[in-house]
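The values are calculated or read from the model by the stated rules, or taken from the named source; none is laboratory data. All of these numbers come straight from a predicted model, not from anything done at the bench. Cβ placement follows ideal geometry from the backbone for every residue including glycine, while neighbour counts extend to all protein chains displayed.
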Amino acid sequence: NCDDFVSYKVEWKKVRRLGHTKQLLTVNGQYPGPTIAVHEGDTVRIKVNNCMNENTTIHWHGVKQLRTGWADGPAYITQCPIRAGESYTYKFSVNDQRGTLWWHAHYSWQRASVHGAFIIYPRMPYPFSSSPIEAEIPILFGEWWNGDVEEVENEMLKHGGGPNVSDAYTINGLPGPLYPSSTIDTFISTVERGKTYLLRVINAALNNELFFAIANHTLTVVEVDAAYTKPFNTTAIMIAPGQTTTLLLNTDQVPEHSQMFPMTITPYVTSIFPFNNSTSIGFLRYNSTKIKKFSSKVPENLPEMKDTAFATAFLNKLRSLGSPMYPCNVPKTVHKRVVITISLNLQDCPSGKSCQGLNGKSFFASMNNQSFVRPALSILESHYRNTATKTYSSDFPEKPPKVYDYTGVNPLTYNMNAKFGTRVLEVAYGTDLEIVFQGTSFLNVENHPIHVHGHNFFVVGRGFGNFNVARDPAKYNLVDPPERNTVAVSTGGWAAIRIRANNPGAWFIHCHLEGHTSWGLAMGLIVRNGVGESKSLLPPPKDL
Ligand code: C2O
Ligand code: CU
């Protein structure tokens, strides 16, 4: 019953942006959806009522879900979708983590509008020194399509070409004055002069990494992906889809008469739109300032598109806090190293169809040349009930099928035909696992933000070109590497992560660019039960 006890009511609602009114998927009538704020150690219980005409699921991005994989949410990985008119209660605890996370639908492209902030307040005071925090401000970046988002996805899959780009980027659901008919839909954050604010920044965009800056203001990074960092100052940030960044902002400016400070996002990489068309502006307004006309001036401290030097320098500054209270538990040695190539592939177009990929072929994407196919039953359930053979196979390759120069001009032949299937990497409880993600350069103009469910990991190394096992591991940061749940793997470069696989269950690993996941840039990770109840997956809830 949708009007009964409602935590989340997922439903269609009319929403107007850019002068277009359309039916949008919303949660409790809101876009972006409601902010969930809990305390470290809380047990969370959220009933999701599906009040629309299609399937859905909700994922709590970055919540570790220790032993509660049933509440993780990705469709066909940890549960079958919640059908129209049905409900499911997500129940889990948030232990041993704190900070800015988010939640989003994990079924087709619904997360375009079904998403919101998920904030875990810490048990202990914030470890960064600052004046008292005046207020905490969630800031979500997103994308708006005038058309129906699922049609965009279906078109893309049908034609075997790239997705239609969105019509606007949004800040807290608002495109801002650079877009036509959009001045009324502008995000304004009102602050008081001489205070300190905590900005909880979330990139919920479907397909773009973004730069973010506020004119005249310096930002202090204190946390990424709900793990504290050594604080550092920056003029702008780079944030990939799936990632979160918590910032301190000192309102230390003296605004001139009617001056508001633009806060702006622009894509790190896009090959399609002209600059202004893809830039969203909101404003930081000191409460003494009257709202007059919006300026359309982009802050000077906003990096230009394709500023890889800025993006790389920014990522290299991220370090775990590594304090006695919050030690950095990076595995110093590992039991297993797995090397995984990330590729876009071209496949032959099914006969009788015409495909819009390169040379009339169809696009797919893969990891170690395995293009992920969603099973018909959830992997977690098959794993739990020992019916794996019907659903998936545990033969995901631990190294690339072919080793070649990934930065070469034309690795095309190597990227031709991926294998389709539902393959997972299966490891024993407690395995210290290193995964090296190797981006191959073919057609990859953007980074791949690779997200791991069920675990945080440490980014111990990054580099451009080919990963070299004889040379690169010696240079890893095993002292204070950043702890994350989503890592941006550079185009034609690599990133090495270390995971302590101590969360029994079945977990999705995938690119957080929605288009790439649809093409199959994903895999499963199964962590077997350890010895004893505390190292075992809990039984499924009754309403699964
Ligand atoms: Cu935020 Cu599997 O995703
Ligand atoms: Cu990708």
(Q) Just checking, does segment 342-359 include any residue being modelled with pLDDT of 95 or more and not assigned by TED's automatic domain parsing to the domain that holds TYR268? (A) no
**Q.** Subset of segment 227-258 (residues that are within 16 Å of ligand 2 (Cβ to nearest atom) and of a type in the set (Val, Ile, Thr))
**A.** ILE239
Q: May I ask you to say which residue of ALA522, ALA506, ALA495 is hydrophobic (A, V, I, L, M, F, W, C), crowded, with 23+ Cβ neighbours inside 10 Å and more than 16 Å from ligand 1 (Cβ to nearest atom)?
A: ALA495
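Anything in segment 421-459 that is under 21 Å from THR407 (Cβ atoms) and in a strand (DSSP E or B)? List them, or say none.
ILE435, VAL436, PHE437, GLN438, GLY439, HIS448, PRO449, ILE450, VAL459
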Q: Examine segment 266-281 for a residue that is at pLDDT 95 or above, of a type outside the set (S, T, N, Q), within 30 Å of ARG462 (Cα to Cα) and in the same structural domain as SER131 (by TED's automatic domain parsing), and state whether such a residue exists.
A: no
Q: Please identify the pairs in which a residue from segment 469-497 that is at positive phi has its Cβ atom under 8 Å from the Cβ atom of a residue that is of a type outside the set (Ser, Thr, Tyr) and surrounded by fewer than 24 Cβ atoms within 10 Å (Cβ to Cβ), counting only partners at least 6 apart or on another chain.
A: GLY492/ASN444; GLY492/PHE464; GLY492/GLY465
Q. (1) within 16 Å of ligand 1 (Cβ to nearest atom); (2) at pLDDT 95 or above: which one isn't true of ASP432, the others all being true?
A. (1)
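Yes/no matrix, rows are residues, columns are (1) assigned to a loop (DSSP other than H, G, I, E, B); (2) surrounded by fewer than 17 Cβ atoms within 10 Å (Cβ to Cβ):
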| position | (1), (2) |
| --- | --- |
| VAL334 | yes, no |
| ARG337 | no, yes |
| CYS349 | yes, no |
| ALA365 | no, no |
| SER371 | no, no |
| ASP395 | yes, yes |
| PRO401 | yes, yes |
Q: Identify, by number, the condition in (1) modelled with pLDDT of 95 or more; (2) within 29 Å of SER382 (Cβ to Cβ) that LYS91 doesn't meet.
A: (1)
Q) Does SER518 qualify as being within 16 Å of ligand 2 (Cβ to nearest atom) and in contact (Cβ under 8 Å) with a residue 12 or more places away in the chain? A) yes
Q) When you look at LEU513, is it within 16 Å of the chain's Cα centre (by Cα) and within 16 Å of ligand 1 (Cβ to nearest atom), yes or no? A) yes
Q.
Looking at ASN55, ASN50 in this structure, which one is more than 13 Å from ligand 1 (Cβ to nearest atom), of a type in the set (S, T, N, Q) and either in contact with a Gly (Cβ under 7 Å, 6 or more places away or on another chain) or under 25 Å from VAL201 (Cβ atoms) (or both)?
A. ASN50
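With respect to ASN207, is the statement that it is assigned to a loop (DSSP other than H, G, I, E, B) and farther than 30 Å from PHE232 by Cβ true?
Spelling it out, it is not the case that ASN207 is assigned to a loop (DSSP other than H, G, I, E, B) and farther than 30 Å from PHE232 by Cβ.
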